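Please read the structure below before turning to the comments.
Computed from the coordinates by the stated procedures, all read-outs in this text should not be read as laboratory data. Everything numeric in this text was worked out from a predicted model, so none of it was measured. Counting neighbours? That spans all protein chains shown, and the Cβs are built from the backbone with ideal geometry, glycine included.
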Amino acid sequence: MGGTLFIDRRGARIARDAQALRISVPDAPPRRIPVTAVRRLVVRGSASIEVAALNLLWEEGVALLCLTGRRDRPAARIHGGPHADAAVRLAQYRLWHDGDTRLAWARELLAFRIAILEREARRILERRRGRRRSLSRLADATAKARRGLAAASTPDALRGVEGALAAAWFRILAELLPASLGFTTRRRRPPPDPVNALLSLGYTIATAEAATAAVRAGLDPAIGLLHGLAHGREALALDLVEPARPLVDGFVHDLFHGRRLEARHFSDDGKGGVLLGKAGRRIFYEAWEQEAARRVRGLVRVLAREGVRRLRNRPPDPILDQASDGDDIPF
């Protein structure tokens, strides 16, 4: 199937043209894009989409993510048609009430995140000065996290372990990026520097991918393992995206390290935050689709399918065994 289509033009209109999308923008001829060439549609800002086009996306299982406001907050989402096997969701609801099994699965999910973080950090630090010191610090942090996972007896405790590891990792990442970017740690609301702004945008798109993977696998994205129930929150999507966050981190690092994006691509919003400009968004979208989308999408899809496999009492995916053994991970 195709890739992600980003629509980020003021006044853009999206309509249906048989089995295709017709994209119209001011002062330019319309574009006709076969729906089979699109896996996900991301629409930002003041664009509009016709009901017939929404129906086509639903019929063909194309996911839709609408980003609204100056900070690209996620608004409307369509994950495509629901999975036909409701028995999977019934098993998922039973799992929610089995606290011990749910905790064990959440522990494995975070262990997988640690393995991917270690692999991504080694890639980033290759040929970098001071890599031994950074790798040593990361090894200390991941060893502590693994001990914490083993000892944790509640989801809150697991989330505490994850938070501590993330904080340690961001301190290392901050030392690898230009000081002129002003990044010191993870801050979201508002993102005070370019790195945090890109991390937020990347996590938003990755979480939408995770929610779509959950729905397509037959799962309810609101019922998670690690993240608790909350009104309007897709807890399972937040769970599935945890192992993918290091991939987003590495992608953001590469954009800045390669100077494809710099501070000049961002502007001060006057409220303590920064915004990615139009030229920067174009660079980000194109790079995301070429470098990050396949890895993130493949990972959350495998994790969602693994959940279904276990709910059906089938053997685990060998990919997860590879991660626990420290072997190479194909993402």
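Observations, loosely collected:
- Of the peptides 233-242, 135-144, the ranking by mean beta-carbon count within 10 Å, highest at the top, reads 233-242, 135-144.
- Here the chain carries DSSP beta bridges of which approximately 55% are antiparallel, counting only pairs with both residues inside.
- Computed over the chain, the per-residue total of -39500 (n - 2.57) for DSSP H runs of n ≥ 4 gives a 222 nm mean residue ellipticity of -17000 deg cm²/dmol, rounded to 500.
- Spacing of the two label points (7 Å from each Cα toward its C-beta) at N55 and R123, in nm: 4.2
- Most fluctuating residue given options H265, H227, H253, as computed from a GNM of the chain linking Cα atoms under 10 Å: H265
- Residue order for V42, V248, fewest other beta carbons within 10 angstrom first, comes to V42, V248.
- What the phi angles of the stretch 132-144 give under the Karplus curve with 6.51, -1.76 and 1.60, with θ = phi - 60°, is a coupling list of 4, 5, 5, 5, 5, 5, 5, 4, 5, 5, 6, 5, 5 Hz, glycine and proline written as x.
- Global form of the stretch 3-78, assessed from the alpha-carbon gyration tensor, a/c cut-off 1.5: oblate
- Remark on T4: its backbone amide H falls under 5 Å from those of R39, R40, a criterion applied only to residues 5 or more positions apart or on other chains, H modelled at 1.01 Å from N.
- Summary of packing: across the peptides 155-162, 89-96, the per-residue average of other C-beta atoms within 10 Å ranks them, highest first, as 155-162, 89-96.
- Residue by residue, the stretch 161-174 carries 3J(HN,Hα) couplings of 4, 4, x, 5, 5, 4, 5, 5, 5, 5, 5, 5, 4, 4 Hz when phi is fed to the Karplus relation 6.51 cos²θ - 1.76 cosθ + 1.60 (θ = phi - 60°); x denotes Gly or Pro.
- Rg over Rh for the chain works out to 0.97, both radii taken from alpha-carbon positions and Rh defined as the Kirkwood radius.
- Annotation: for a label point projected 7 angstrom from Cα along Cα→Cβ of A37, no residues of the stretch 43-62 have a backbone N closer than 16 Å.
- Net +/- balance of residues flanking A217 in space, Cβ distance below 10 Å, scoring K and R +1, D and E -1: +2
- Rounded to the nearest whole Hz, the Karplus-based 3J(HN,Hα) values (6.51 cos²θ - 1.76 cosθ + 1.60, θ = phi - 60°) of the stretch 5-21 follow the sequence 9, 9, 10, 9, 9, 4, x, 5, 10, 10, 10, 8, 9, 6, 9, 9, 9, with x at glycine and proline.
- Cα gyration tensor shape for the stretch 140-225, rounded if a/c is under 1.5, else prolate or oblate: oblate
- Nonlocal amide H pairs with V43, under 5 Å, H built at 1.01 Å: I7, L65, C66, L67
- Kirkwood Rh and Cα Rg combined as Rg over Rh, evaluated for the stretch 119-265: 0.98
- Proxy reagent accessibility, fewest Cβ within 10 Å first, across I223, I33: I33, I223
- Prolate/oblate/rounded call for the stretch 262-307, Cα gyration tensor, a/c under 1.5 rounded: oblate
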